[in-house]
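All remarks here apply to the structure that follows.
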Amino acid sequence: MTNHHYAVFGHPVSHSLSPRIHAAFGRQTGIGLEYTAIDAAPEAFAPALESFAAGGGKGANVTLPLKEAAFALCATTSERARRAGSVNTLIRNDGQWQGDNTDGIGLVRDLTERLGLDLRGRRALLLGAGGSARGVAPALLDAGVSELMIANRTSERADALADALGEPARAHSRYWDDLVNEGDFALVVNATSLGRDGGSEFRLPFQLSTPRTLAVDLNYGEAAIPFLAWARTAGCRDVVDGLGMLVEQAAASFELWHGVRPETAPVYAALRGKDASLVTAD
Ligand code: NDP
């Protein structure tokens with residue numbers, strides 16, 4: 001038995017691989033923990049989090065669509081959470097929630113460490129302006145991309161994200177329908193949840209890619225199918241789903257809670273073994 005309770009909150013959340021990942025990290029590092037998935041609709045999130053804390057909850061991950069709500073519930077936040085305006089990691093400290101965001105570092109570590117890519121000087125397109133897009137945008141700038149263009153279905157949210165980044169020379173928004181005029185990108189990142197709506201088609205001009213373009217979907221599994229299909233048809237060189245980022249952001253959260261950095265490669269390999277058809281990275 002352990003009184004170290006951790007959880008991932010989301011809506012829906014039953015699909016989440018986080019409980020398996022954290023259980024594997026716990027076994028690997030010899031840290032006893034209990035990590036569950038808790039479904040909470042946005043209006044039920046605050047009370048659900050409170051009762052989790054009352055029951056001994058020490059830390060939590062937060063996923064769609066609760067990351068911006070989680071930010072608002074924190075007593076203190078890290079600088080990267082404030083830059084993102086969204087929180088994916090909650091840490092219980094002195095009876096209060098402290099918020100951090102490991103999505104950005106998770107994506108960048110997956111691309112630079114696991115895939116060995118250099119993001120410096122690359123022109124990047126970010127699709128989406130929700131909680132996850134807000135998390136990865138500052139990290140892409142920190143990784144040295146030369147330009148970060150943001151497009152979102154609701155254009156005002158892309159404008160707000162670009163403004164919040166405060167780097168008008170590198171980060172700016174465009175209407176989705178105007179992307180056709182923007183030339184090609186070395187990196188195209190899908191941070192929308194379009195694929196979770198039930199496999200609708202990804203409507204994006206093929207001119208955005210060249211044979212040297214890396215296409216990255218934050219989604220994995222079935223939710224990644226529409227964007228990865230677009231990327232392959234567009235002839236992108238590397239096509240990567242979000243499984244590596246998922247493991248890396250989990251490892252960064254684990255380190256915040258337990259002070260130990262787990263090995264991600266074996267956990268990634270185990271998960272990928274079950275889902276090999278959904279990624280190619282050559
Ligand atoms: P949010 O709900 O905060 O944002 C959703 C985003 O998707 C918004 O930009 C929204 O646009 C856009 N969107 C939704 N439906 C459509 C559609 N039909 N067409 C075009 N755009 C659409 O979600 P998150 O940002 O938290 O998550 C986004 C995705 O990334 C999720 O599917 C999530 O599973 C995945 N993810 C993966 C991670 C990983 O570790 N691999 C980590 C975090 C997220 P609008 O503003 O117009 O509503």
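Read-outs: derived from the displayed coordinates by stated rules, not from any lab. Note that the structure is a prediction, hence the values are computed from the model and not measured. For neighbour counting, all protein chains shown are included, and Cβ atoms are generated from backbone atoms with ideal geometry for every residue, glycine included.
The dipole here belongs to the range 104-241: it is taken about the Cα centre, uses +1 on the Cβ of Lys and Arg and -1 on the Cβ of Asp and Glu, and is about 220 debye.
Listed from fewest to most Cβ neighbours within 10 Å, the set Met149, Met245 follows the order Met149, Met245.
Estimated from the Cβ-Cβ distance and a Förster radius of 25 angstrom, the FRET efficiency linking Arg237 and Glu113 is about 0.85. In terms of overall dimensions, the C-alpha atoms belonging to the range 136-264 reach 47, 34, 29 Å along their principal axes, ordered largest to smallest.
Against the empirical curve 2.2 N^0.38 Å, the C-alpha radius of gyration of the range 32-138 lands at a ratio of 1.17. Taken over the chain, the alpha-carbon convex hull comes to 121 cubic angstrom per residue. Each Lys and Arg Cβ is given +1 and each Asp and Glu Cβ -1; about its Cα centre, the range 17-117 then shows a dipole of about 300 debye.
Fraction of C-alpha pairs exceeding 18 angstrom in the range 95-197: 46 percent, rounded to a whole number.
Evaluated at q = 0.25 Å⁻¹, a Debye calculation over the C-alpha positions of the range 77-142 (equal weights, vacuum) places log10 I(q)/I(0) at -1.06. Screening the chain for DSSP H helices whose Cα atoms reach 20 Å or more along their own axis and whose mean Kyte hydropathy is at least 0.0 gives 243-258.
Which FRET efficiency value, to the nearest 0.05, do you get for Thr154 and Ala44 by plugging their Cβ-Cβ distance into 1/(1 + (r/R0)^6) with R0 = 30 Å? The value I calculate is 0.80.
With Cα atoms defining each centre, the range 172-188 and the range 66-92 are spaced 29 Å apart in the structure. Counted by Cβ distance under 10 Å from Arg134, the other residues give a net charge of +1, where Lys and Arg count +1 and Asp and Glu count -1.
The charge dipole of the chain, taken about its Cα centre with unit charges on the Cβ atoms of Lys, Arg (+1), Asp and Glu (-1) only, comes to about 420 debye.
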